[in-house]
Amino acid sequence: MIKVEKLNKKFGNNEVLRDISTEIAKGEVVAIIGPSGSGKSTFLRCLNVLETPTSGDIVIDGHHLTDPKTPIQQMRQQIGMVFQHFHLFPHLTVLDNLTYAPIKAKGVKKKVAEEKARELLKKVGLLNKESAFPSSLSGGQKQRVAIARALAMEPELMLFDEPTSALDPEMVKEVLDVMKDLAHSGMTMVVVTHEMGFAREVADRILFLDHGVLLEEGKPADFFSQPKTARAKDFLDKIL
Amino acid sequence: MNLDFGQITPYIPFMIEGIWVTLKFVFVSLIFGFALGTILALFKISHIKPLNWFAIFYTSIFRGTPLILQLMIIYFAIPQLTGYDISPFLSAILAFGLNSAAYISEIIRAGIQAVDKGQTEAAMALGVPYQQMMKDIILPQAMKNILPALMNEVITLTKESALVSTIGYLDLMRRAQVVGADIYRNFEPLLFVGFIYWLMVVGLSMIGRMIERRLKVSD
């Protein structure tokens, strides 16, 4: 579904991503881990062109994202993204947050969009919050709304950029549970995370990035028990 | 000291009428200035360089020269150039609208840039087109940042509007002068319209605070 070839990203002279190549299959859940500043988030943001790659290619369902002729806007409608800091629309109610993009970007009828939105809110356990404004929600609730907002576009692929890093510890689980359900429903997911438990339990594959290089990839069981590189071993020793 | 407000009593309706005249052109100028200011603000944050340059140049001209000069140029110089006999009302709207657009564009630009970048990214990630995003997501949030500064601009504009008395437009200020010339007493009519200006500004401030409170609903 996704093919990344020799992806490079530079900010000025700073090489953030170096020659990253990988493939992600439909329905696969991939966790990207690595130390801070290793380029995990930048890699993720390249997948929906929030960052423009300096060189290399990303192909999603046959569309080359680096080709200027590719309709990025339409592509993004099929790629949901969840941010560390939620980025809900503060001036819209929870329900409007969910229905806004389907109605305005995809042309879905209001009634249909609202039905779908309520169904999603039910799924993330927030049906009673549909007319609340984001500022009245807890961090965990905000993130669940953000996930529901992304799902409202009925994406084929979901990107998560450290979705639990900004949450109070007791709210991490409620968000991870929603993500687990989503993974089990067959959604293709790419998750940048520091939650090793989640990565080990839910991911089909781990990508380990360090200094912008894809140092290692493999099944969670292998990666966590016997990392191939010294750098990965050192990283795991420090955090586990 | 021999103040005698009794003498201006017959002229009070004449002066009160000036409130409407002043408010009318301040209001129209403001709408004009706000619309043009929004466009200029969008030019300023645009990635298209010539639009940037135009907006910056525009602002520098209209902020860099006296408003009264701009008014005089429009009222006295344009007819000389074009032969079109421009009315005081139209000149006033043009001068104040064009001038306030420069100030308002700066206010709006700052307001837009103060909106969290994550909002743009969230809208982009959802595949929302740029114009939709600006209209529905960014500008409404920018408005909240903008409102206090914008209210300030409205108040300034209301007071500065007295400048149009110099081109013979019968606003509140001009009416005070007319009455003063009529009864050979200036203090009373000037004090009277001064009081009215103050009331208008107090009223505007109150409306501003009311709108601000209503916009705070989502906080």
Residue match in the range A:148-155 (condition: closer than 26 Å to A:I20 by Cβ and either open to solvent by 20 Å² or more (accessible area, probe 1.4 Å) or within 13 Å of chain B (Cβ to nearest Cβ) (or both)): yes
Complete set of residues in the range A:103-124 that are surrounded by fewer than 18 Cβ atoms within 10 Å (Cβ to Cβ) and under 20 Å from the mean Cα position of the chain (by Cα): A:K123
Residue within the range B:92-110 that is among the hydrophobic types (A, V, I, L, M, F, W, C), under 30 Å from A:A146 (Cβ atoms), away from chain A (no Cβ under 14 Å) and assigned to a helix (DSSP H, G or I) present: yes
Matching residues in the range A:179-199 - criterion: being open to solvent by less than 20 Å² (accessible area, probe 1.4 Å), in a helix (DSSP H, G or I) and in contact (Cβ under 8 Å) with a residue 40 or more places away in the chain: A:A183, A:M196, A:F198, A:A199
Sole exception among (1) under 19 Å from A:D161 (Cα atoms); (2) touching a helix residue (DSSP H, G or I) at 6+ places or on another chain (Cβ under 7 Å) for A:Q84, by number: (2)
Residue in the range B:116-127 that is farther than 30 Å from A:N97 by Cβ and either within 14 Å of chain A (Cβ to nearest Cβ) or in contact with a Gly (Cβ under 6 Å, 6 or more places away or on another chain) (or both) present: no
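Conditions (1) touching a strand residue (DSSP E or B) at 6+ places or on another chain (Cβ under 7 Å); (2) free of Cβ contacts under 8 Å to residues at least 12 places away in the same chain; (3) among the hydrophobic types (A, V, I, L, M, F, W, C), marked per residue:
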| site | (1), (2), (3) |
| --- | --- |
| B:W20 | no, yes, yes |
| B:F27 | no, yes, yes |
| B:L40 | no, no, yes |
| B:P79 | no, yes, no |
Looking only at the range A:156-166, and only at residues there that are more than 13 Å from every other protein chain (Cβ to nearest Cβ) and open to solvent by less than 20 Å² (accessible area, probe 1.4 Å), the one that is nearest to A:Y100 (Cα to Cα): A:P163
In the range B:80-91, residue least open to solvent (accessible area, probe 1.4 Å) [restricted to those that are under 21 Å from B:F62 (Cα atoms) and assigned to a helix (DSSP H, G or I)]: B:S91
Condition met for B:L69 (open to solvent by 70 Å² or more (accessible area, probe 1.4 Å) and either part of a helix (DSSP H, G or I) or touching a residue at least 60 places away in the same chain (Cβ under 8 Å) (or both)): yes
Only one of B:P140, B:P148 that is under 27 Å from B:Q119 (Cα atoms) and away from chain A (no Cβ under 14 Å): B:P148
Residues being in contact (Cβ under 8 Å) with a residue 24 or more places away in the chain, of a type in the set (K, R) and more than 12 Å from every other protein chain (Cβ to nearest Cβ) - total across the range A:104-141: 3
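The values are calculated or read from the model by the stated rules, or taken from the named source; none is laboratory data. No experiment lies behind these values; they were computed from the predicted model shown. Every residue, glycine among them, receives a Cβ derived from its backbone with ideal geometry; neighbour counts consider all protein chains shown. Note: accessible area is taken over every heavy atom of the protein model, side chains too, but ligands, DNA and RNA are not part of it. Shrake-Rupley method; radii C 1.70, N 1.55, O 1.52, S 1.80 Å.
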